[in-house]
Amino acid sequence: MRIEIKKIGNSDGLILPRELMQRFDLKRGQQLHVTELAGGGFQVLPYDPDFEATRDDRQARQTADQASLSAAEAVRWKSMMS
């Protein structure tokens, strides 16, 4: 289904057709969560605070793991250069 981004007041937004709202059981005022996908797309899901907390925890662990890996790589690189 094709949906156009429209100007709404001083903002931009999407107008969702009634049939789409009914098909996905969406309600006016419902909060949604947007996730960026690899390749430049995005996914829209009903907002779930428990999911958000789990996702934030997972991202924090990944960031910490990447920082640890970067530190380990720096130590290894330094020892190779000595």
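Computed from the coordinates by the stated procedures, all read-outs in this text should not be read as laboratory data. Note that this is a predicted model, so its numbers are computed, not measured. Methodologically, a virtual Cβ is constructed for each residue, glycine included, from the backbone with ideal geometry; neighbour enumeration extends over all protein chains shown.
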Under the Karplus relation 6.51 cos²θ - 1.76 cosθ + 1.60, θ = phi - 60°, what is the ordered set of whole-Hz ³J(HN,Hα) values for the stretch 19-27, x standing for Gly and Pro?
4, 5, 4, 5, 4, 9, 6, 8, 10
Run the simple label-point estimate for A53 and L26 please: 7 Å along Cα→C-beta, distance reported in nm.
2.7
Under 5 Å between amide H atoms, partner at least 5 residues away or on a different chain: which partners does H33 have, H built in plane at 1.01 Å?
L45, Y47
Measure off 7 Å from each Cα along the Cα-to-Cβ vector at L14 and Q43, then give the distance between these two points in nanometres to one decimal.
1.4
